[in-house]
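Here's the structure, in structure tokens; my notes come after.
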Amino acid sequence: MKRFFILLFLLMFFIGFSQKREFKNQGEQENYWAEQIFEKKYKKENYSRFNSEILVKSNSEILFDNKTLIVYCSSDYLPIFTLGIFYPQLLIGTGENNEIFSKDEFDKLTDEKKFFYNLQKNDSFNISNLEELKFLNKNPTIKRFRFWNFRSGFANPQVYYFELTNKNANKKTSLEEFIKRSELTYIKSGHLVI
């Protein structure tokens, strides 16, 4: 396992120094990476909305069947989740076969088994730092976003990118109306935040 993290660090180190472009700050570099994701890895798809019961437990906790989504974002963007446009099963699957340990059972596991259990555990998905990538939204029918996913067992969050499309939107369409009538047309994982 130690080798895996050393290789991962070396790969990220190499990628970081092989950049041909210089950036004034981290934000500028992250925006460049977002541009690259949508430019080089973009493939439009149509994802259906979540078709089962959605239970909003609080402003930040939403249940989708056997999955919990914990979202820390502006209330303007919450409908993306509460309307089932984006839901955790898109990224972590249904997870019906995953064994869930009680706290006592978990405490009895070795450190190595705890680590692998947390890596495979997929009953929740955490989102923070959700932001609209306005510099990539050149068409009023498309809005692009990024967020950070904090996954159990990992020290650093992973960045994800997604796109919403509302074919009937125009420049005067409010954000609320845009989201309500939109569909998810792209999602892609990006870099780890270091």
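Descriptive notes on the structure:
- Considering residues of region 133-145 that are buried (at least 20 other Cβ atoms within 10 Å of the Cβ) and within 16 Å of the chain's Cα centre (by Cα) only, the residue nearest to Lys67 (Cα to Cα): Phe145
- Hits in region 172-194 - residues which are at pLDDT below 95 and either open to solvent by 30 Å² or more (accessible area, probe 1.4 Å) or among the acidic types (Asp, Glu) (or both): Lys188, Ser189, His191, Leu192, Ile194
- The lone exception for Gln158 - which of (1) crowded, with 18+ Cβ neighbours inside 10 Å; (2) farther than 18 Å from Ile85 by Cα; (3) in contact with a Gly (Cβ under 9 Å, 6 or more places away or on another chain) it fails: (1)
- Only one of the numbered conditions (1) surrounded by fewer than 10 Cβ atoms within 10 Å (Cβ to Cβ); (2) at pLDDT below 90; (3) of a type in the set (S, T, N, Q) is not met by Asn51, and that is (2).
- Hits in region 61-87 - residues which are acidic (Asp, Glu) and within 17 Å of Ser124 (Cα to Cα): Glu61, Asp65
- Restricting region 146-184 to residues that are over 14 Å from the mean Cα position of the chain (by Cα) and of a type in the set (Val, Ile, Thr), the residue that is nearest to Asn129 (Cα to Cα) is Ile179.
- Within region 117-168, the residues that satisfy the criterion of being part of a loop (DSSP other than H, G, I, E, B) and at pLDDT below 90 are Lys121, Asn122, Asp123, Asn137, Lys138, Arg151, Ser152, Gly153, Phe154, Ala155, Asn156, Pro157.
The values are calculated or read from the model by the stated rules, or taken from the named source; none is laboratory data. Note that the structure is predicted; figures quoted are calculated from it, not measured. Positions of Cβ are generated from backbone atoms using ideal geometry, with glycine treated the same way; all protein chains shown enter the neighbour counts. Only protein heavy atoms, including side chains, enter the accessible area calculation; ligands, DNA and RNA are left aside. Shrake-Rupley method; radii C 1.70, N 1.55, O 1.52, S 1.80 Å.
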